[in-house]
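Asker: Pasting a structure below so you can have a look.
The values are calculated or read from the model by the stated rules, or taken from the named source; none is laboratory data. Bear in mind that the values here come from a model prediction, so they are computed numbers and not experimental data. Here the Cβ positions follow ideal geometry from the backbone for every residue, glycine too, while neighbour counts run over all protein chains shown.
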Amino acid sequence: MMNWLGYGSEEAAPELSSEEAQKAKGMVAAEKDDDFKDAIENDVIDTGKTFEVSSEELTIIRKDLETKFPDDYSYLSDAYILSVASKPYSKDLTKRRPLEYSMEKLTNVMEWRAQEGAPDLEASVKLANGPADAPEAVENPEKLAKAKLLGTALNYSGVYFHGLTKDGRPVLWVRTNRMPWYPDVDAQVNALIVLADAGIRAMPEGVTDFICISDSSYPPPPNPTFLIKLLKMLVKGYPDRLNSLYSAPASSVVQFVMNLLLPLMPGRLASKFFFLDLDGVREKLTETLANGEEDIPTFFGGPCDHDKFYPEESQAENQGKGILKFDYFGMVERLANARKEFEANKK
């Protein structure tokens, strides 16, 4: 097993023409804005060292978030706030981050959520799932149109949460063969946001991050605009939420994408990406997933049939009176049940 920091080939994927590869490289290289610069400058590789945060300090942070974001402050769990506030300070690793620094970092996350409309996205899923003549749909056609685009992005069923790890982390599955070749970038990013938030809400007490497993057999060609927005989403909206990402098999397109994005990534994030062969991913899944081999999906040679819950769009049925075919609400319910089972077994 090797992480992406140790994989340095600059060759473009053979599926891409040299013109496409150079265009992608140019667009990504031009993305040198302050978002990535600040993240890299304040980056601290995870050493496992943490410092104590008092209950009084936690209360101060909570009150600050409640005052600034009264409708969304409860989105951040105490465990996540403590995980942010307890880390070493990037300017002096022998000390804890100053309280003001942690408050600013958390405020930035919440401001990003407000800017992207994250708190309202699940309501958009419900709107896309409802009848077109519902009062809200009739009174706000622009909102309905945006909800339909979000529903369309979810309907690819290329990304979903299913199950937990042995230590209670939700598992985000990516099936690249289902992803669109020409994505609606904003809708696709919104779909990832609503899914990430669903996974975060389902985290057992004390859990603050999730893992991602990608079946990368047939990825679409890289879309630089989407890749940049996706990376900004991870850096600005979900810092320290991704525990690790395992991609298998290690296709040339995935290799090309990672070589594009690595220069923009904070080292802390880059070190969480790994590529495996099929034997390697099965070994990792057996070691990681809650029920070991039983939870390995059929597309990795295991017995667990994800398609029973998340079939391809052409095989799926509408989930309501709207356009939604992806079983979003079933996914949420299954995650909640997995959490209850995990917490019961833990007790």
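Asker: Here's a check for you: in the range 155-195, which residue that is among the hydroxyl-bearing types (Ser, Thr, Tyr) and assigned to a loop (DSSP other than H, G, I, E, B) is modelled with the lowest pLDDT?
Answerer: Tyr182
Asker: Oh, and also: State which residue is farthest from the chain's Cα centre (by Cα) when the search covers only the range 259-293 and only residues that are among the hydrophobic types (A, V, I, L, M, F, W, C), surrounded by fewer than 20 Cβ atoms within 10 Å (Cβ to Cβ) and modelled with pLDDT under 90.
Answerer: Once the filter is applied, the top-ranked residue is Leu262.
Asker: So which residues in the range 225-263 are touching a Lys or Arg at 6+ places or on another chain (Cβ under 8 Å) and aliphatic (A, V, I, L, M), if there are any at all?
Answerer: Leu234, Leu242, Leu245, Leu260
Asker: Filter the range 106-119 down to the residues that are assigned to a helix (DSSP H, G or I), surrounded by fewer than 17 Cβ atoms within 10 Å (Cβ to Cβ) and of a type outside the set (Val, Ile, Thr), then identify the one that is nearest to the chain's Cα centre (by Cα).
Answerer: So the residue we want is Pro119.
Asker: What pairs can you find where one residue is in the range 326-347 and among the small types (Gly, Ala, Ser), the other is surrounded by 13 or more Cβ atoms within 10 Å (Cβ to Cβ), and their Cβ atoms are less than 7 Å apart, with a gap of 6+ or different chains?
Answerer: Gly330/Phe309; Ala336/Ala202; Ala338/Gly163; Ala338/Leu164
Asker: Considering only the range 240-257, I want to know if a residue exists there that is within 17 Å of the chain's Cα centre (by Cα), on the phi > 0 side of the Ramachandran plot and touching a residue at least 40 places away in the same chain (Cβ under 8 Å).
Answerer: Yes - at least one qualifying residue is present in the range 240-257.
Asker: Of all the residues that make up the range 301-331, how many are modelled with pLDDT of 95 or more, surrounded by fewer than 18 Cβ atoms within 10 Å (Cβ to Cβ) and of a type in the set (A, V, I, L, M, F, W, C)?
Answerer: Count: 2.
Asker: Follow-up. Does any residue in the range 53-77 that is free of Cβ contacts under 8 Å to residues at least 60 places away in the same chain and assigned to a helix (DSSP H, G or I) come within less than 6 Å, Cβ to Cβ, of a residue that is surrounded by 10 or more Cβ atoms within 10 Å (Cβ to Cβ) and hydrophobic (A, V, I, L, M, F, W, C) six or more places away or on a different chain, and which pairs are these?
Answerer: Glu57/Leu99; Ile61/Ile81; Ile61/Met103; Asp64/Met103; Tyr73/Leu65
Asker: Inside the range 233-248, can you point out the residues that are in a strand (DSSP E or B) and either hydrophobic (A, V, I, L, M, F, W, C) or over 18 Å from Phe274 (Cα atoms) (or both)?
Answerer: If the condition is that a residue be in a strand (DSSP E or B) and either hydrophobic (A, V, I, L, M, F, W, C) or over 18 Å from Phe274 (Cα atoms) (or both), then Leu242, Leu245, Ala248 are the ones that fit.
Asker: OK, next. Anything in the range 240-256 that is closer than 25 Å to Leu289 by Cβ and of a type in the set (A, V, I, L, M, F, W, C)? List them, or say none. Give the derivation first.
Answerer: Narrowing the range 240-256 to residues closer than 25 Å to Leu289 by Cβ: 240-251, 254.
Scanning the range 240-256 gives Leu242, Leu245, Ala248, Ala250, Val254.
For (1) of a type in the set (D, E, K, R); (2) free of Cβ contacts under 8 Å to residues at least 12 places away in the same chain, each residue gets a yes or a no:
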{"position": "Glu122", "(1), (2)": "yes, no"}
{"position": "Val138", "(1), (2)": "no, yes"}
{"position": "Pro141", "(1), (2)": "no, yes"}
{"position": "Lys148", "(1), (2)": "yes, no"}
{"position": "Leu172", "(1), (2)": "no, no"}
{"position": "Pro183", "(1), (2)": "no, no"}
{"position": "Gly199", "(1), (2)": "no, no"}
{"position": "Ser216", "(1), (2)": "no, no"}
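Per-residue answers, yes or no, for (1) modelled with pLDDT under 85; (2) of a type in the set (Gly, Ala, Ser); (3) loosely packed, with under 13 Cβ neighbours inside 10 Å; (4) in contact with a helix residue (DSSP H, G or I) (Cβ under 7 Å, 6 or more places away or on another chain):
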{"position": "Gln22", "(1), (2), (3), (4)": "yes, no, yes, no"}
{"position": "Ser86", "(1), (2), (3), (4)": "no, yes, no, no"}
{"position": "Lys91", "(1), (2), (3), (4)": "yes, no, yes, no"}
{"position": "Leu99", "(1), (2), (3), (4)": "no, no, no, yes"}
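Asker: Here is a check on your reading of the model: is Glu293 part of a helix (DSSP H, G or I) and in contact with a Lys or Arg (Cβ under 9 Å, 6 or more places away or on another chain)?
Answerer: Judged against the criteria, Glu293 is a match.
Asker: Sticking with this structure for a sec: Taking the condition over 18 Å from the mean Cα position of the chain (by Cα), at pLDDT 95 or above, farther than 23 Å from Pro183 by Cα and buried (at least 18 other Cβ atoms within 10 Å of the Cβ), does Leu82 pass?
Answerer: Yes; evaluated as a whole, the condition is true for this residue.
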